[in-house]
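Step one of this worksheet: look at the structure below.
The values are calculated or read from the model by the stated rules, or taken from the named source; none is laboratory data. Model, not experiment: these values are computed from the prediction. Because the Cβ atoms are built from the backbone with ideal geometry, glycine has one as well, and the counts that use them run over all protein chains shown. Quick note on the areas: whole protein, heavy atoms, side chains included, nothing else; ligands and nucleic acids left out. Shrake-Rupley method; radii C 1.70, N 1.55, O 1.52, S 1.80 Å.
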Amino acid sequence: MSVPGNSVQGVKQVVKVRVLPSERDAAALYETLQTCNLAASWLSAQMHAARVFRKIDAQHRFYNELRARFGLAAQPAIRVIGKVAEAYAALRANIAAGNYGPPGSDRRRRVEDSPIVFRPSGAQPFDARCLSWHFADELQAKKTSSARRLLKKRRRVETGFAADINHQISKCTVAEAERTGYGIAVEQLTGIRDRVRPRKPQRATLHSWAFAQLGSFLAYKAKQAGVALVEVDHAYTSQTCSACGWVDKHNRRTQAVFECGRCRFVGHADHNAAINISARGVERWGEVMRPYAAPTLAAS
Ligand SMILES: [Zn+2]
């Protein structure tokens, strides 16, 4: 299972996680996986028939029916749509590259004429939002004793899962820093807690706890490996242009997109912030280690 886009503390990593769940959890996970892949195949057929291949268009058109048909929560439904749209984009690129033969060839036509089908056990991206979704929305409202019991159990599973992911992220990050001779720069932990603005109190509990845990894992593993780790002031890192230094809250157009109002630099908001944190890490390291030479620091 791959866990993409974990972007916290300005450290962005794609990690592969092996989950070792109990038999019952494994069955539940597998069932979810199968449902997501069935949903993906259904959606793929709809998109192919309607010639709708962009994620945003597919979302407008099929999101509600996808959720209703397969009983998916919001986040997994979005993930399924993203996965199918990405699969078609990859296929288009392969066709354009001539990997299915020249235009008009039988093989190419066969590929173009049939919708992509997803294997029942094919990989499905999950993230922390998927994991915390159910208990936040449904069960909490009920407050019956069985709901409470289930809630408690789920929380335990989610907590264990978050710890696994945190272990993997911190391990990969430190290993990569060690391999490349770079240091690691992270936002100050207190800053992260302040910046998490959850809509639901349950999410706040899980997330601030998980962020703090990731910070402590990172600190511990970096120290063990002899990798430099500095905490930096995170103020304005998400509003500052990493290309020209211009600070403006309007630079951050959406949660995901950064666009500089002065030099027109455009990038992923988290990546832009990570570059700023990395630059501050170098400065900070210089202050800490003076008069020694500052090593190159990067967070990515
Ligand atoms: Zn700029």
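A compact table of results
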| quantity | calculated |
| --- | --- |
| Members of segment 255-273 that are more than 13 Å from the ligand (Cβ to nearest atom) and among the charged types (D, E, K, R) | D270 |
| Index of the failed condition, I277 passing every other in (1) of a type in the set (V, I, T); (2) outside any helix (DSSP H, G or I); (3) open to solvent by less than 20 Å² (accessible area, probe 1.4 Å) | (2) |
| One residue from R129, R107 being open to solvent by 20 Å² or more (accessible area, probe 1.4 Å), modelled with pLDDT of 65 or more and not assigned by TED's automatic domain parsing to the domain that holds A274 | R107 |
| Residues being among the aromatic types (F, W, Y) and more than 14 Å from the ligand (Cβ to nearest atom) - total across segment 216-254 | 2 |
